[in-house]
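Trainee: First, the structure itself, so that you have it in front of you.
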Amino acid sequence: MEATNGAAVEATNGAAVEETYGAAMEGKWEEMVNYYQKHLTHFCTPVTDSSETVLHLAVHSMKEEPLKELLEIMKKRELSLTDEIEFLKKPNKFGNTALHEATIYGNYEAVRLLVERCPDLIKIENELGETPLFTAAGFAETEIVEFLIGSDLKQCLGDDGRLLETHRKRTKDELSILSAAIIGQKFETALLLLEMDKSLASLKDKNKISTLQLLAEMPTAFHSGFPMGICKRFIYSCLPVPRPFEVKSKAVSLSKERKRMGDLECGRGRYSVDHLRCGSEKNQRGGLLNYLKSIPKIPKESGTRKQSVYLLCHSPKA
């Protein structure tokens, strides 16, 4: 009898997988959502051979609605908070959570929805030792990187204003987040990361390759690597360079607040004689605020790629 019941459950799950996966592959997202509205008990069943959940599939839509509606359906299941968080953190066979996939596909709205539901997703590592912030740096647009950092600074930055160790390098080959951005040719992201944490420039992978060396070996990273006519050269030199300030401003505020709290915990107020000696050396030797003040002024005509190289060349060696 138990064997019969087990076979029935397996057949039911198989039908669920076939119907939902088929709908997703055909881009019929509404049909997929409707299925789960009618079959709440199937919601947590993996739907691919790669152990992906329906949330993984939803972020591939590049739209907000499929994931938004599925998250609403999840509420109807009345899962405990622990079970809900566990499902949101569920990885596929590569260790990627739905948030990892959302950053890889560049689905900004999906990233926003997932982080708002479970901020802890930002620090979860996949099989390569990459956090969603790391994958965002290599695959997504800069606005997603900005959002992840700005949504919860304490999940991304340490007391010294630098990126937390879990985001700085992936564990498999020690590739840095800055190098990941360069490899993905996300130069605006690379510039943002450098402006926030200049120490990233000194990181090397397990083969002792620095980001600057990596960049030097990429002719496609510079317009000189391609033949360009006069008009194209002129247009290239006039391209606007958006400069992200909001995240930096938030990071500076966090750095100040942590410094103030450190002073209070040590029993020294702002008017004490030795309050500047309170706290760690890292806090007193720069942090993000001092770094931002020390960034060399870059010529206005410089493009994002030139700025990245400039900052790399002028970053202190660790």
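Trainee: Just give me the residues in the range 209-230 being closer than 23 Å to L164 by Cβ and either in a loop (DSSP other than H, G, I, E, B) or modelled with pLDDT under 65 (or both), in sequence order.
Mentor: I209
Trainee: Step by step: first the residues of the range 137-159, then only those that are of a type in the set (D, E, K, R) and touching a helix residue (DSSP H, G or I) at 6+ places or on another chain (Cβ under 6 Å), then the one that is modelled with the highest pLDDT. Which residue is that?
Mentor: E146
Trainee: Let me ask something else about it. Residues in the range 159-182 that are crowded, with 19+ Cβ neighbours inside 10 Å, farther than 15 Å from G138 by Cα and free of Cβ contacts under 8 Å to residues at least 40 places away in the same chain: how many?
Mentor: Here the count works out to 1.
Trainee: Check whether at least one residue in the range 121-136 is over 17 Å from I177 (Cα atoms) and in contact with a helix residue (DSSP H, G or I) (Cβ under 8 Å, 6 or more places away or on another chain), and report yes or no.
Mentor: Yes: the range 121-136 contains one or more residues that are over 17 Å from I177 (Cα atoms) and in contact with a helix residue (DSSP H, G or I) (Cβ under 8 Å, 6 or more places away or on another chain).
Trainee: Moving on to the next point. So which pairs qualify, if the first residue must be in the range 190-208 and over 14 Å from A180 (Cβ atoms), the second must be of a type in the set (V, I, T) and part of a loop (DSSP other than H, G, I, E, B), the Cβ gap must be under 8 Å, and the two must be at least 6 apart or on different chains?
Mentor: Filtered contacts from the range 190-208: E195/I295; K198/I295.
Trainee: To continue, here is another question. From the list L113, L71, L128, L67, exactly one residue is part of a helix (DSSP H, G or I) and closer than 27 Å to K169 by Cα. Which is it?
Mentor: L113
Trainee: Also: If you check T12 against the conditions, is it more than 22 Å from the chain's Cα centre (by Cα), surrounded by 15 or more Cβ atoms within 10 Å (Cβ to Cβ), among the hydroxyl-bearing types (S, T, Y) and modelled with pLDDT under 90?
Mentor: Details: more than 22 Å from the chain's Cα centre (by Cα): yes; surrounded by 15 or more Cβ atoms within 10 Å (Cβ to Cβ): no; among the hydroxyl-bearing types (S, T, Y): yes; modelled with pLDDT under 90: yes.
When the stated conditions are applied, T12 does not pass them.
Trainee: Moving to a separate point now. Please determine whether any residue of the range 120-127 is over 24 Å from G184 (Cα atoms), of a type outside the set (S, T, N, Q) and in contact with a Lys or Arg (Cβ under 8 Å, 6 or more places away or on another chain).
Mentor: Yes, the range 120-127 contains a residue that is over 24 Å from G184 (Cα atoms), of a type outside the set (S, T, N, Q) and in contact with a Lys or Arg (Cβ under 8 Å, 6 or more places away or on another chain).
Trainee: Among (1) at pLDDT below 90; (2) within 18 Å of D173 (Cβ to Cβ); (3) charged (D, E, K, R), which single condition is D205 missing?
Mentor: For D205, the exception is condition (1).
The values are calculated or read from the model by the stated rules, or taken from the named source; none is laboratory data. What you see is a predicted model; the values in this text were computed from it and never measured. All Cβ positions, even for glycine, are placed from backbone atoms using ideal geometry, and neighbour counts span all protein chains on display.
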